[in-house]
Protein chains: 2
Amino acid sequence: MVNPLYLPELREMIAENNADQLREFCEALHPARTADFMEGLDPQEAWLVLSHTDEQNRVAIFNYFDPTLQVRMIETLERKEVAGLISELAPDDRVDLLNDVDEAVVEELLPLLPTEERRDILHLSSYPEGTAGAVMTTDVAKLAESLTVREAIEQLQQQSAELETIYYLYVVDEQDHLRGLVSARQILSAIRRPETRLNEIMETGLVTAEVDDDQEEVAQKVARYDLLAIPVVDLERKMLGIITYDDVIDVMVEEATEDAYRSAAVEPLEDSYLATSVMTLVWKRGVWLIVLFVAALATAYVLAHYETYLERPGWQWLIWFIPLVISSGGNAGNQSATLVIKALTNEEIETHDWLRVVRREVLTSLVLGIFLGLCGLLAGLAMTPEARTIGGMWVLPTTIISVVMVGSIVGSVLPLAFEKIGLDPALMSNPFVAGIIDIVGIVIFLNVAWVLL
Amino acid sequence: MVNPLYLPELREMIAENNADQLREFCEALHPARTADFMEGLDPQEAWLVLSHTDEQNRVAIFNYFDPTLQVRMIETLERKEVAGLISELAPDDRVDLLNDVDEAVVEELLPLLPTEERRDILHLSSYPEGTAGAVMTTDVAKLAESLTVREAIEQLQQQSAELETIYYLYVVDEQDHLRGLVSARQILSAIRRPETRLNEIMETGLVTAEVDDDQEEVAQKVARYDLLAIPVVDLERKMLGIITYDDVIDVMVEEATEDAYRSAAVEPLEDSYLATSVMTLVWKRGVWLIVLFVAALATAYVLAHYETYLERPGWQWLIWFIPLVISSGGNAGNQSATLVIKALTNEEIETHDWLRVVRREVLTSLVLGIFLGLCGLLAGLAMTPEARTIGGMWVLPTTIISVVMVGSIVGSVLPLAFEKIGLDPALMSNPFVAGIIDIVGIVIFLNVAWVLL
């Protein structure tokens, strides 16, 4: 959401170095909106604008910049200023950002950061991408289980400015093992009994994530249990950090985008579409296009193999319908694959439901096939007298019914099989299913013709 | 996530009507987990289990049941018991649920509900599906702007049990106009100055949603601004309700699923895959299959039209490569369409970026086309001596480069055009793009051959 309309006014303020107006600009709106208005500025201009507000607001606005601008700012601005900014970012955002920054710059920046932040960066970046550890933040309100409500409130008043969320307060023992949770709501409700101990009001039996868990599974857990945040623990239940609902939303958007790319045979991009170089796009698309091309070559071999069939008198009209036959099968297969993949990711079905799924697909595709087959019958009759023989008229409908059914069954079984053996079922969406159906469709078509003609 | 393993134990407890164990079962775990364990029970059994815990926990567990079980319970259990349960549900969930229940049952239930709940149901269900009004809840903590921090805490202690969220507290004037927001964090921080008035500490300039806004746009706003909840207002800024982050997550999952269905030419399902009847599936898939079938018929007409070409001596081998040519174009087009659609939904590009997008697609597809064209050249040379003539050898590579480029351009421009005219760009994903490329691809193929041979 770039707002290029206001850029000239903003540039004028910068040129005049109008401190009052620039401060007003930084502080009047929600930081996300301020950031929107600033897109289009170069790193130096953006930094100049941000220098007119306090540190907290500066970081808040910076957080909403486009990642490309963030990276460019970090790489081009004076290291010392950047170090100050970085040390104020949330630990999880900081690590994500530094992952995208030129390594040489990171090496120069690390010594300029306070020891604690530096250690935290090295620690968080040691978790592999896509795990709970890599998404979590270490900014978390931890309270000792022996505290009273009054003591807890006092601690929170000191801590709250630095913390990302205080809505859930985690209760730990002396060795940082997670014991329970009190919500801000519970604290407010217990305010009239200030000597109550936290371990009397805390909830136990929490839903937790382990540090190695896949980020998608963690996101689903948070969504399923309607959590604001999920604590991340190690094998000994030591509290390492939390993942908050806003990071969960980000993970879900990321995963939905990845699935969409996979289903179109594009290797997931790391950056936004416009920020990805053409050569990277060529590579991310090319690998799969080659694989699909080789699969499609098989159709050429099959057609070459049946060459003598197609040259027979009275058979040429079949050629016209090759694209129609394979697209009918491919489309039906693609529908089934998408339905099954979505049902799997939304946890509506599991692999052991395969028989129910196949039964439904057989029924559905039989009805669809009969209907499309009838359309095919009419199309054939209308287009050529050669399709008006006793045998000829049944070639198209028989083929279409078979191809639609085979397409649906293959389309539903392959994602289930991929899930079963631990691969991403989204890989088996169109166009892979379509590639398989192309070959099978042609073989069915020509064999049906051979029997009937 | 059904856990059928524990059903026998649970049924045993029910048969013995073991009150202690059943209460223990209902209260020991997070309500979502308890609900998981109960899936597979019939409505009567589920109700019997729930009758062993208090009302609040009963509603919490019920909330996590599969929608199918919820509907069956409401339709089959005694109306009076159901009415008690329904009046305890969150207003937004209640309306969603009653939308799925048989209308005759709803008519019987409404008179049994307390007046306020009944009015609320009629009010909320008047908002069209997919708008902010239909997703919002009316359970919201509203505080008068003249209250002090101390008075606010007292009010909250009375209200908090019934409210879905108290993390954001909305400050309104006497006519319910939204004035500002205080967070639980701000209240906690101001606790030492209990006479501070809310309008001194409240934040103004809030991000709001209007009641008619599209739910997807609202969800994107919440994600963009990292909000816990967004207030829903009418045109006069009167506060009508809020949408909380957990409903936002649900909306995002729903929209991602819809987009995936659209991109596979399936009309979005209203229920889960297994809960949708075969006839509904036939309908949701059939409409689009027919449309695509008619589009594919055009390929048959085109091929029939060029029949005399294909019958020439030395031309037959071209037939073998028809599926390969059209699938290359379709796959490239599908990739471009998906990249552009995702960039649009993730707000990385807007329609006015079309020229940049096309330029990138031309470049990318040129490189991809040259590479695939070379593969085509080799395949042709390997498979037939007729592709080894001066003209013949260039037919496949020239066609493939053109088809890949046309596919990518069409695939990227169509979603942008759909977005521009206000249609869902996801409609222009594969297989519609593939259908168009099929026709264009064949025309290009045969014309290239005509020029070169």
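B:L206 sits among other residues whose Cβ lies under 12 Å from its own Cβ, and their net charge, with Lys and Arg +1 and Asp and Glu -1, is +3.
Can you tell me, using C-alpha contacts under 8 Å and at least 6 residues apart, the relative contact order of chain B as a whole percent? Contact order relative to length: 11 percent. Output the pairs from A:K238/B:K221; A:K342/B:K420; A:K342/B:K342; B:K142/B:K221; A:K284/B:K221 with a Cα-Cα distance over 24 Å in this structure; if there are none, say none. Among A:K238/B:K221; A:K342/B:K420; A:K342/B:K342; B:K142/B:K221; A:K284/B:K221, the Cα-Cα distance tops 24 Å for A:K238/B:K221; A:K342/B:K420; A:K284/B:K221. Distances, shortest first, from the label point of A:E267 to those at the same position in the other copies read 4.0 nm; the point lies 7 Å along Cα to C-beta. Taking the alpha-carbon centroid of each part, what is the distance from segment A:68-109 to segment A:125-141 in angstrom? What the calculation gives is 18 Å, centre to centre. The order of A:Y309, B:Y245, going from fewest to most other C-beta atoms within 10 Å of their C-beta, is A:Y309, B:Y245.
Taking other C-beta atoms within 10 angstrom as a stand-in for reagent exposure, A:E203, B:E45, A:E236 fall in the order A:E236, A:E203, B:E45, fewest first. Restricting segment A:104-210 to trypsin sites (Lys or Arg not before Pro) that sit in a DSSP loop and have at most 13 other Cβ atoms within 10 Å of their own Cβ leaves A:R192. Can you compute log10 of I(q)/I(0) for segment A:270-412 with the Debye formula, treating each Cα as one identical point scatterer, at q = 0.10, 0.17, 0.21 Å⁻¹? Taken in order of the listed q values, log10 I(q)/I(0) reads -0.52, -1.03, -1.20.
Relative contact order, percent, of segment B:4-124 when contacts are C-alpha pairs under 8 Å separated by at least 6 residues? It would help to have the intermediate numbers written out before the result.
Values: 101 pairs, mean separation 26.0, N = 121.
So the answer I get is 21 percent.
Helix A:91-100 and the longest principal axis of the Cα set of chain A meet at an angle near 60°. Legend: calculated FRET efficiency, A:N346 to B:D102, from the Cβ-Cβ distance at R0 = 25 Å, rounded to 0.05, equals 0.50.
Extending 7 Å from Cα along the Cβ direction at A:I290 and again at B:A382 yields two label points whose distance is 1.3 nm. Compared with the dominant Cα axis of chain A, that is its longest principal axis, helix A:354-383 is turned about 50°.
Principal-axis analysis of the Cα atoms of chain B puts helix B:392-420 at an angle of about 30° to the longest axis.
Averaging the Cα positions of each part gives two centres, and for segment A:266-283 and segment A:322-372 these lie 31 Å apart. Of A:T257, B:T399, the sequence from fewest to most neighbouring Cβ atoms within 10 angstrom is A:T257, B:T399. Inter-copy label distances at A:E27, using a point 7 Å along Cα-to-Cβ, come to 5.3 nm with the shortest given first. For A:E267 and A:E55, the difference between the fully extended length at 0.36 nm per residue and the C-alpha to C-alpha distance is 72.4 nm. Temperature 4 °C, viscosity 1.567 mPa s: under these conditions the Stokes-Einstein estimate for chain A, based on its Kirkwood radius over C-alpha pairs, is 48 µm² per second. Computed from the C-beta positions of A:E307 and A:D424, the FRET efficiency with R₀ = 45 Å rounds to 0.70. The same position B:L235 in the other copies lies at 6.4 nm from this copy, comparing label points 7 Å beyond Cα toward the beta-carbon, shortest first. Between B:L112 and A:Q175, what FRET efficiency follows from the Cβ-Cβ distance if R0 is 56 Å, with the result rounded to 0.05? Computed FRET efficiency for B:L112 and A:Q175 comes out at 0.55. Stokes-Einstein diffusion for the protein assembly as shown at 20 °C, viscosity 1.002 mPa s, with a Kirkwood radius from C-alpha pairs, works out to 70 µm²/s.
Computed from the coordinates by the stated procedures, all read-outs in this text should not be read as laboratory data. From a predicted model like this one, the values you see are computed outputs, not experimental measurements. Cβ coordinates were reconstructed from backbone atoms using ideal geometry, including for glycine residues, and neighbour counts include every protein chain displayed.
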